[in-house]
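Q: I'd like to ask some things about the structure below.
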Amino acid sequence: MANAYQNITGNTAKQVHGIRKNINLNCIKLCNTHNSDAVVLNLYITYTTRDRSSDSRISVGDDGNWDELATVTTTYYILKNVHIPKGVTLVLDNKDLSFDTSKYKLYIKLDQSDSAVDVIVDTEIIQKNKSTSRRNSASGGSGSGGY
């Protein structure tokens, strides 16, 4: 298993590190590290597509280049307005984190500018061969072809 570590502060949405294509999320640990206050957080995934309804690429734009398609981002919440008391760690397991990591991005947003959360993402790489799918830990656990 591989872990990614991240300190998140402030109230700007940040993409969670360590989430890549061809991985399974085993769990995410969210620890409120603020000295005195609870933190309120949102954890969500986003999916971005091109808006084909406004496809104007059939002609060249005014600048001589093909017009670009507008993007549409859809948000799906895993957690919304969840209060975590100071010093408490919230652990989400793989059942809570079931989404296609090749299509979606995971974000966290805290409520206050002085909020602080440590994030630990525990993942495993999905290895695929021609006939079957095989899971193997990123640290080269059991099975052939470890890293």
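Q: For the subset of segment 102-131 comprising residues that are modelled with pLDDT of 90 or more and not in a strand (DSSP E or B), which member is surrounded by the fewest Cβ atoms within 10 Å (Cβ to Cβ)?
A: In this case the residue turns out to be SER113.
Q: Output the residues belonging to segment 48-85 that are of a type outside the set (S, T, N, Q) and modelled with pLDDT of 95 or more.
A: Step one: of segment 48-85, the residues of a type outside the set (S, T, N, Q) are 50-52, 55, 57-58, 60-64, 66-70, 72, 76-80, 82-85.
Result: TYR76, TYR77, ILE78, LEU79, LYS80, VAL82, HIS83, ILE84, PRO85.
Q: Same structure, new question: Which one is most open to solvent (accessible area, probe 1.4 Å), of the residues in segment 74-100 that are polar (S, T, N, Q) and in a strand (DSSP E or B)? I'd like the intermediate steps shown before the answer.
A: Taking segment 74-100 as the starting set, the residues that turn out to be polar (S, T, N, Q) are 74-75, 81, 89, 94, 98.
Those still in the list that are in a strand (DSSP E or B) too: 74-75, 81, 89.
Details: THR74: 53, THR75: 62, ASN81: 91, THR89: 71 Å².
Ranking the candidates gives ASN81 first.
Q: Pairs only if they're at least six apart or on different chains, beta carbon under 7 angstrom, first in segment 78-98 and under 14 Å from VAL40 (Cα atoms), second open to solvent by less than 60 Å² (accessible area, probe 1.4 Å) and of a type in the set (Ser, Thr, Tyr); list them, first residue then second.
A: Going by the 7 Å Cβ cut-off, the qualifying pairs are ILE78/TYR44.
Q: Out of the residues in segment 1-42 meeting the condition of being part of a loop (DSSP other than H, G, I, E, B) and of a type in the set (Val, Ile, Thr), tell me which one is surrounded by the fewest Cβ atoms within 10 Å (Cβ to Cβ). Working first, answer last.
A: Taking segment 1-42 and keeping what is part of a loop (DSSP other than H, G, I, E, B), we get 1, 10-13, 16-22, 33-38.
Remaining after also requiring of a type in the set (Val, Ile, Thr): 12, 16, 19, 33.
Numbers: THR12: 9, VAL16: 19, ILE19: 20, THR33: 15.
Filtering segment 1-42 for residues that are part of a loop (DSSP other than H, G, I, E, B) and of a type in the set (Val, Ile, Thr), the one surrounded by the fewest Cβ atoms within 10 Å (Cβ to Cβ) comes out as THR12.
The values are calculated or read from the model by the stated rules, or taken from the named source; none is laboratory data. Bear in mind that the values here come from a model prediction, so they are computed numbers and not experimental data. No Cβ is skipped: glycine too gets one built from the backbone with ideal geometry, and neighbour counts run over all protein chains shown. Ligands, DNA and RNA are excluded from the accessible area calculation, which covers all protein heavy atoms including side chains. Shrake-Rupley method; radii C 1.70, N 1.55, O 1.52, S 1.80 Å.
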